[in-house]
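Working notes for the structure below.
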Amino acid sequence: MYIGRFAPSPTGPLHMGSLLAAVISYFDAKAHDGQWLVRIEDIDPPREQPGAAHAILNTLEAHHLYWDGDVLYQSQQHEAYQTAIDQLLSQGDIYPCQCSRKQLTQFNEQHLHTLPHPDQCIQPLDPKAPYALRAKPADFSYQDLYQGIQQGQDGHFVVKRRDQLFAYQLAVVVDDHEQHISHVIRGHDLLDSTPKQLILYQALGYQPPVFGHFPVIVGDNGQKLSKQNFAPAIDDTHALANLKQVFHYLAIPIPETSDLDEFLKFGCEQWKAKRPDCIKAQTIQQNH
Ligand code: GLU
């Protein structure tokens, strides 16, 4: 059974880049007669914007991107994340670390190619100070649906932060597993995260999903469209025009109909027939 998902972080409203991500994951799920779930990744309150989760769901509904089942909120999942952390700790797959990002960068620069980063904190632990938990390095290898074979080694990423918040890498693996996600179809900007997630899948003994990373939209400055780059919020009152824009990015012809359900159905059939053409490039140039 194909189960896909769209997993936005409520750090602001959807923009064209995130609408594209929603549509692609929706098309791929529907093209496989699968389910399409929505998960709100609200595990990082300092970065979240009040009302954003609600606005994101409204935008999906305004575009007739209806999800299956209930929306899962990561803020409700802390117990499951802690259980995974306890398992990783008892297996010795993660280690406490009190280094700042700067200290680690300096260490890696000084020892690059000469000394592997040790599987523990590079300074003695202060029992009174808070610490983060980091993953020990491991090898990974997988076949990305659109990016081909990816392999190498990764590690030392944070799974639980010093401020006690759970890290995205951990939460996403626990949830994708718990929700039986079979296909993770998301933007190329998250390609770097997949090795980290695969290392956690392996350590936790979970079966990993299939991964596919599609090109992201970049602006004239070569930077991906994002909230940080002030990409404008999607206007829900122009759903058809927004979907036309998405179809343009995917090189899908624009159907005659103005009925949103028919419009999406047509797009889904096109996606099914010609998906490789839709995602040939690494990036999609923003259209003005
Ligand atoms: N929540 C992540 C984001 O909005 C996406 C997570 C994912 O698709 O794995 O960037």
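Contact map, the stretch 174-186: first residue farther than 16 Å from residue 212 by Cα, second residue buried (at least 22 other Cβ atoms within 10 Å of the Cβ) and polar (S, T, N, Q), Cβ cut-off under 8 Å, separation 6 or more or different chains; pairs are 175/74.
Quick one: is residue 181 surrounded by 20 or more Cβ atoms within 10 Å (Cβ to Cβ), in contact with a helix residue (DSSP H, G or I) (Cβ under 9 Å, 6 or more places away or on another chain) and assigned to a loop (DSSP other than H, G, I, E, B)?
yes
Note on the stretch 189-200: residues that are charged (D, E, K, R) and either more than 9 Å from the ligand (Cβ to nearest atom) or at positive phi (or both) total 2.
Could you check, for the stretch 203-226, whether at least one of its residues is of a type in the set (Lys, Arg), farther than 25 Å from residue 58 by Cα and either surrounded by fewer than 22 Cβ atoms within 10 Å (Cβ to Cβ) or away from the ligand (no atom under 16 Å from the Cβ) (or both)? Within the stretch 203-226, not a single residue is of a type in the set (Lys, Arg), farther than 25 Å from residue 58 by Cα and either surrounded by fewer than 22 Cβ atoms within 10 Å (Cβ to Cβ) or away from the ligand (no atom under 16 Å from the Cβ) (or both). For residue 136, all conditions in the list (1) modelled with pLDDT under 95; (2) in contact with a Phe, Trp or Tyr (Cβ under 6 Å, 6 or more places away or on another chain) hold save one; what is the number of the exception? Only one criterion in (1) modelled with pLDDT under 95; (2) in contact with a Phe, Trp or Tyr (Cβ under 6 Å, 6 or more places away or on another chain) is unmet by residue 136, namely (2). Residues of the stretch 28-86 that are part of a loop (DSSP other than H, G, I, E, B), touching a helix residue (DSSP H, G or I) at 6+ places or on another chain (Cβ under 8 Å), over 28 Å from residue 263 (Cβ atoms) and not charged (D, E, K, R): 43, 77.
Of all residues in the stretch 191-202, exactly one satisfies the criterion of being open to solvent by 50 Å² or more (accessible area, probe 1.4 Å) and under 22 Å from residue 24 (Cα atoms), namely 192.
Filter the stretch 23-64 for residues that are of a type in the set (D, E, K, R), in contact with a strand residue (DSSP E or B) (Cβ under 8 Å, 6 or more places away or on another chain) and more than 30 Å from residue 164 (Cβ to Cβ); which is surrounded by the fewest Cβ atoms within 10 Å (Cβ to Cβ)? Steps first, answer last, please.
Here is the first cut: in the stretch 23-64, the ones of a type in the set (D, E, K, R) are 28, 30, 33, 39, 41-42, 44, 47-48, 61.
Retained after the next criterion (residues that are in contact with a strand residue (DSSP E or B) (Cβ under 8 Å, 6 or more places away or on another chain)): 28, 30, 39, 42.
From the residues that got through so far, the ones that are more than 30 Å from residue 164 (Cβ to Cβ) too are 28, 30.
Working: 28: 22, 30: 20.
Among them, the one singled out is 30.
For every residue, the table says whether it meets (1) hydroxyl-bearing (Ser, Thr, Tyr); (2) open to solvent by 20 Å² or more (accessible area, probe 1.4 Å).
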{"position": "66", "(1), (2)": "yes, yes"}
{"position": "70", "(1), (2)": "no, yes"}
{"position": "73", "(1), (2)": "yes, yes"}
{"position": "80", "(1), (2)": "no, yes"}
{"position": "83", "(1), (2)": "yes, yes"}
{"position": "87", "(1), (2)": "no, yes"}
{"position": "90", "(1), (2)": "yes, yes"}
{"position": "94", "(1), (2)": "no, no"}
{"position": "105", "(1), (2)": "yes, yes"}
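Total residues in the stretch 1-22 satisfying the condition of being near the ligand (Cβ under 7 Å from one of its atoms), open to solvent by 20 Å² or more (accessible area, probe 1.4 Å) and in contact with a helix residue (DSSP H, G or I) (Cβ under 6 Å, 6 or more places away or on another chain): the figure is 0. Among the residues of the stretch 1-20, is any farther than 20 Å from residue 179 by Cα and of a type in the set (Lys, Arg)? Taking every residue of the stretch 1-20 in turn, none turns out to be farther than 20 Å from residue 179 by Cα and of a type in the set (Lys, Arg).
Take the conditions closer than 23 Å to residue 31 by Cα, in contact with a Leu (Cβ under 6 Å, 6 or more places away or on another chain), at pLDDT below 95 and not in a helix (DSSP H, G or I) and apply them to residue 217. Does it pass? First the steps, then the outcome.
Numbers: closer than 23 Å to residue 31 by Cα: yes; in contact with a Leu (Cβ under 6 Å, 6 or more places away or on another chain): yes; at pLDDT below 95: yes; not in a helix (DSSP H, G or I): yes.
Yes; evaluated as a whole, the condition is true for this residue.
Give the residues of the stretch 23-40 that are of a type in the set (Ser, Thr, Tyr) and within 10 Å of the ligand (Cβ to nearest atom), sorted by residue number. Outline the logic, then answer.
Start the filter on the stretch 23-40 by keeping residues that are of a type in the set (Ser, Thr, Tyr), which leaves 25-26.
25 - this is the single residue of the stretch 23-40 that is of a type in the set (Ser, Thr, Tyr) and within 10 Å of the ligand (Cβ to nearest atom).
Given the residues 134, 162, 101, 186, which is the only one that is within 14 Å of the ligand (Cβ to nearest atom) and either of a type in the set (Lys, Arg) or open to solvent by 40 Å² or more (accessible area, probe 1.4 Å) (or both)? Don't jump to the end; show me each part of the working.
Details: 134 fails: within 14 Å of the ligand (Cβ to nearest atom); 162 fails: within 14 Å of the ligand (Cβ to nearest atom); 101 fails: within 14 Å of the ligand (Cβ to nearest atom).
From the options 134, 162, 101, 186, the qualifying one is 186.
The values are calculated or read from the model by the stated rules, or taken from the named source; none is laboratory data. Computed from a prediction, not measured in an experiment: that's the story for all the values here. Ideal geometry is used to build each Cβ from the backbone, glycine not excepted, and the neighbour counts take in all protein chains shown. Surface accessibility is based on the protein's heavy atoms, side chains included, excluding ligands, DNA and RNA. Shrake-Rupley method; radii C 1.70, N 1.55, O 1.52, S 1.80 Å.
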